[in-house]
Amino acid sequence: QNEINEVPFFDVQLPYELALKIFQYLGKAELGRCAQVSRTWKILAEDEVLWYRLCQQEGYLLDTSISDHSCWKLALKNCRAREHMLKTNWKNRVGAVSQLRYEPGRVLCDAHCCDGVVLAGYSSGEVRLWDTRTWDYAAPELAAVAAPAGAGAPPHVSFVRINSSLAVAAHQDGTVSVWSLLLGQEPIHHFQHNQHIQALALAPGGAAVATASGFQVRVESPDDKGLWQTPATFEIQKLVNFLNLVPDVPGRAVAVAAAEDIVYLLKAEDPGKILHSVYGQPVTCLDVAAHETAFGIKTFGWLLNEPNQILLYNLETNQCVTKVGNSIGDFSCVNLHSSPPNMLVAGNKDRRVRVFDLRSAEAVCSVYGHQLGVSAVQMDEWKIVSGGEEGLVCVWDQRMGTKLWEMHARHPVRHVWFNSHSLVTANIPEEKNPRGSSITEDDPSLHRKYRGVIYSYEFSVDQLAVDSVLPICRSSYDEVSGYSYNIGLAVPYDSI
């Protein structure tokens, strides 16, 4: 507490609390100028309550209390300096890059990321968990449900999904396993479909899992006692292409499914409501936010006056809010849930990435740099990260509409995720069972070029990404011997 009782304001004396209320309407620059007026004003302008409130208003240290720091002015200065450093590192590609590669020669089938934790499924049926936040890439294997004797080789992993508490994997034979990230490597739930699974969805912040197999959509979630059950099963007229669970829905799971040219809104108490249906206009991509869903539609030759578009529907009113886009090519990917408010980013088969302002239904940015169609996109307030079918990852400056840098790998980019300081991309091969003259059924050492790769970038370190230590130099001596790739190098790199 400050011992000053009254603060001089020109020709009047105000109580300290009242003067503090006046100063709370000032910004950083104004407080700095006021601190130069007098010693009394300096003490008032550097009050911890004012700088704590400024720090919270700018989005820094939101989960802290005022007693966590002794000098909030310095804390705000450090936060702004770190943000500027990260932005500079992003633009100049300064940081460390690592390959999350599972060496025993299996093909990467699917990958998904949440807050820096990467889940990957392989053609051997194994599911691996990578935590890029700790720089400890000894990926543990999540144990699968034991197969009956004589069942043969385990089936490929079709889909994997992860959120802050759960990891889910679906296999080719229709089995689905659910793991808790807090309870270990044994699955906490397991169920089986009779047919191949076409789509898998996991609630971003909840514990609901949705699967589409054949003409059926099934939702699984735990009850109040933690016992998993099936609260809803829906029969769909056509095969489901895309499936998402609506985030932040308390008490029940709500799914949005796209089956060819029909979009369904699936709630537990309803048999399945048709959100959108136009014959001959199939859905090409789908994404869901808390209260809205966005999906791309494809038109054909007899509807040339209505080009390919992205429709935005409100999930509470079930009405179309706006239509954006005017493209000859099909929209191949759309990202609504992680975009800034009132913004949407989409990739197209015409090799362009477009950013739309949903308030004006206009494209505010359109960039071109991929050789094939765009397969994955994400954006924030100032940058866009896109991945293409040719394996190219591009980072764009949204305001300037220019490419900052790019990274190329052999296979199509199927997943892109980033936050303020890290980036994860997954290049997943189309062919899960490559065949060649030197590859046999029981040969585990599949050539590296067929496997696919997951890249992890960390921009909070001041190191040129192109000069960072090669993955081969991080090789340990406890890996499976027999490959020329797993060379345990001698000093000075064997301890890195």
Cα-centred dipole magnitude for region 178-245, charges only on beta-carbon of K, R (+1) and D, E (-1), debye, nearest 20: 180 debye
Formal net charge of residues neighbouring residue 397 (Cβ-Cβ distance under 14 Å; K, R +1; D, E -1): +3
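Within region 390-428, list the trypsin sites (Lys or Arg not before Pro) lying in a DSSP loop whose Cβ has at most 16 other Cβ atoms in a 10 Å radius. Don't skip to the end; give the middle numbers.
On the way: sites: 399, 403, 410, 414; in loops: 399, 410.
Loop-located and lightly packed - 399, 410.
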Dipole magnitude of region 16-91 about its Cα centre (Cβ charges: Lys, Arg +1; Asp, Glu -1), debye to nearest 20: 400 debye
Positive minus negative residues near residue 330 (Lys, Arg vs Asp, Glu; Cβ under 9 Å): +1
Whole-percent pair-distance distribution, where bins are 10 Å wide, for the alpha carbons of region 60-103: 22, 32, 25, 17, 5
Cβ-based net charge around residue 58, under 11 Å, with every Lys or Arg adding one and every Asp or Glu removing one: +2
Neighbour cut-off at most 13 other Cβ (10 Å), DSSP loop, GluC sites (Glu not before Pro), region 262-324: 269, 316
Amide H contacts under 5 Å for residue 193, placed H, 5+ residues apart: 175, 176
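Past 23 Å, Cα to Cα, is the threshold; run 298/449; 323/349; 87/323 against it and keep the listed order. Before the final figure, lay out the partial values.
Numbers: 298/449 34 Å; 323/349 19 Å; 87/323 33 Å.
Beyond 23 Å between Cα atoms: 298/449; 87/323.
Diagonalise the Cα gyration tensor of region 172-230 and give the resulting equivalent ellipsoid semi-axes, square root of 5 times each eigenvalue, largest first, whole Å. Walk me through the numbers on the way to the answer.
Values: eigenvalues 81, 34, 22 Å².
Rounded to whole Å, the semi-axes are 20, 13, 10.
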Directionally averaged shadow of region 16-91, computed from the convex hull of its alpha-carbon atoms, nm²: 5.7 nm²
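All of the numbers you see were taken from the coordinates with simple rules; none came from a lab. In this text, all values refer to a predicted model and were calculated from it rather than measured experimentally. Cβ atoms come from the backbone with ideal geometry, glycine included; neighbour counts cover every protein chain shown.
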